[in-house]
Amino acid sequence: QANTIYLPSLVFRAMELCRVYFELKEEDEKWEKKVCKILQYINSLLTALVKAEYWDLALRLFLQSSLICDLMGIQTAESIAYEFVSRAFAIYEEEVSDSKASL
């Protein structure tokens, strides 16, 4: 669990990289594929947060990540966004709803 301290910063850096590829989409024809790979990486990072039982942080980052998916506006990102929101709801229902984080 000691390494989980770096996961949120990695998630935000990956989100930033998605935005960079989105801004360069006119110059890079493979930008969609790269963004999808990054989003899958974000999903794996957030899964590690869930396994480490940082549910409130994972909940917020899943929702933030879904917003990035929406900004990309590509079909594959929509399915990944759905996965992020589904996981956020599951975490909320199972782990967070009874705690003070739900306030």
Quiz item: How much area per residue is accessible in the stretch 1-100 when the probe is 1.4 Å and only protein heavy atoms are counted (Å²)?
Solution: 65
Quiz item: Counting Lys +1, Arg +1, Asp -1, Glu -1, what net charge surrounds PHE22 among other residues with beta carbon under 12 Å of its beta carbon?
Solution: -4
Self-check item: Label selected from (1) 22, 17, 12; (2) 27, 24, 11; (3) 26, 14, 10, the criterion being semi-axes √(5λ) of the Cα gyration tensor in Å as computed here
Solution: (3)
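If you place +1 on the Cβ of every Lys and Arg and -1 on the Cβ of every Asp and Glu, how big does the dipole about the Cα centre of the chain come out, in debye to the nearest 20? Could the numbers behind the result be given before it?
Details: 11 positive and 16 negative charges, 56 e Å.
Charge dipole of the chain: 260 debye, to the nearest 20.
When only Cα pairs under 8 Å and 6 or more residues apart are kept, what is the percent relative contact order across the stretch 1-79?
On the way: 58 pairs, mean separation 27.4, N = 79.
Contact order relative to length: 35 percent.
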Quiz item: Which number gives the lysine pairs in the chain that have C-alpha atoms under 30 Å apart and are eight or more places apart or on different chains?
Solution: 7
Quiz item: How far apart, in nm, are the 7 Å Cα→Cβ label points at ARG13 and ALA48?
Solution: 1.1
Exercise. Compute the long axis of helix 75-91 from its Cα atoms, compare it with the longest principal axis of the Cα atoms of the chain, and write down the angle in degrees, 0 to 90, nearest 10.
Key: 10
Self-check item: Helix 31-51 vs. the chain, principal-axis angle (Cα, 0 to 90°, nearest 10)
Solution: 10
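The values are calculated or read from the model by the stated rules, or taken from the named source; none is laboratory data. All values reported here derive from a predicted model rather than from experimental measurement. Using ideal geometry, Cβ is built from the backbone for each residue, glycine included, and neighbour counts are taken over all protein chains shown. Please note that ligands, DNA and RNA were not included when accessible areas were found on the heavy atoms of the full protein model with its side chains. Shrake-Rupley method; radii C 1.70, N 1.55, O 1.52, S 1.80 Å.
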